[in-house]
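Let me begin by presenting the structure, written as structure tokens, before commenting on it.
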């Protein structure tokens, strides 16, 4: 078993390998050769504070993908990213939400028609929730178990402080068509962890699945959060729910956030 870290690997790890980036250099990422054994993600998640290794469930572009893209196909590039600490989450979301200067008025009307009751002006962040101690970790472990029960996902380990930072460390570029700097995405995800107890659990070629400790309880609470989701991932609205309100309704009481970029 190739092991890219200077800590002793857990005895329970299945066979796996170190992953290389698009320039052939080893990355701070290890991946199992087969689907992750049940319960192992949760075990490694509990050990993160001691090991410094954040576990991810990893899936490929498609079930029939022989190269397990992007994880084993040389499509990862940490050098593409800046430092998440350089980015203010509110400023990042505002820049994604507000239209560019090259957007024609008629296009703006069409763009924001689906985003009612909000307009082109950034409305600000949703209020933070109170996250009970241990709730975020419990939800993450629960989602990991649920995902493993319905799909084959491999285990990934990344040297990182958390799931948001792990995306930067391994050079993931799933939202490339939305923003080619994954550090901006990570800054927002880390802020969601602080405000809502959201944690990164599963990552695909261009998909992301988060557990959520404290979801909105009402539509009124969900709408401003839906604005943030739409800024991060416009496809959630324009190629998914159709309207911001319909999407917000899906967030009420949901401990699971799924994102997909075209």
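Structural remarks
- Hits in segment 8-20 - residues which are touching a strand residue (DSSP E or B) at 6+ places or on another chain (Cβ under 7 Å) and surrounded by fewer than 19 Cβ atoms within 10 Å (Cβ to Cβ): 14, 15, 17, 18, 20
- Residue check: residue 193 meets all listed conditions (1) farther than 27 Å from residue 26 by Cβ; (2) in contact with a strand residue (DSSP E or B) (Cβ under 8 Å, 6 or more places away or on another chain); (3) without any contact (Cβ under 8 Å) to a residue 40 or more places away in the chain but one, namely (3).
- Verdict on residue 248 being touching a helix residue (DSSP H, G or I) at 6+ places or on another chain (Cβ under 6 Å), buried (at least 21 other Cβ atoms within 10 Å of the Cβ) and at pLDDT 95 or above: yes
- Candidates 183, 248, 169: the one that is more than 10 Å from the chain's Cα centre (by Cα), closer than 25 Å to residue 121 by Cβ and in a helix (DSSP H, G or I) is 248.
- Here the helices (runs of 4 or more DSSP H) wholly within segment 1-103 that include at least 2 residues being in contact with a helix residue (DSSP H, G or I) (Cβ under 8 Å, 6 or more places away or on another chain) are 40-46, 89-97.
- Count of segment 99-118 residues, restricted to those that are at pLDDT 80 or above and either surrounded by fewer than 13 Cβ atoms within 10 Å (Cβ to Cβ) or in contact with a strand residue (DSSP E or B) (Cβ under 9 Å, 6 or more places away or on another chain) (or both), is 3.
- Residue 77 being under 25 Å from residue 262 (Cα atoms), exposed (fewer than 15 other Cβ atoms within 10 Å of the Cβ) and touching a residue at least 24 places away in the same chain (Cβ under 8 Å): no
- Checked against (1) surrounded by fewer than 23 Cβ atoms within 10 Å (Cβ to Cβ); (2) at pLDDT 95 or above, residue 240 passes all but condition (2).
- Residue 160 being farther than 22 Å from residue 60 by Cβ, in contact with a strand residue (DSSP E or B) (Cβ under 6 Å, 6 or more places away or on another chain) and surrounded by 18 or more Cβ atoms within 10 Å (Cβ to Cβ): no
- Among residues of segment 208-237, those that are touching a helix residue (DSSP H, G or I) at 6+ places or on another chain (Cβ under 7 Å), under 15 Å from residue 252 (Cα atoms) and either assigned to a loop (DSSP other than H, G, I, E, B) or without any contact (Cβ under 8 Å) to a residue 60 or more places away in the chain (or both), counted: 8
- Qualifying position, being surrounded by fewer than 20 Cβ atoms within 10 Å (Cβ to Cβ), closer than 23 Å to residue 204 by Cα and modelled with pLDDT of 95 or more, among 166, 146, 128: 146
- The residue of segment 196-207 that is nearest to residue 151 (Cα to Cα), among those that are in a loop (DSSP other than H, G, I, E, B) and touching a strand residue (DSSP E or B) at 6+ places or on another chain (Cβ under 8 Å), is 204.
The values are calculated or read from the model by the stated rules, or taken from the named source; none is laboratory data. This is a predicted model, so every value here is computed, not measured. Methodologically, a virtual Cβ is constructed for each residue, glycine included, from the backbone with ideal geometry; neighbour enumeration extends over all protein chains shown.
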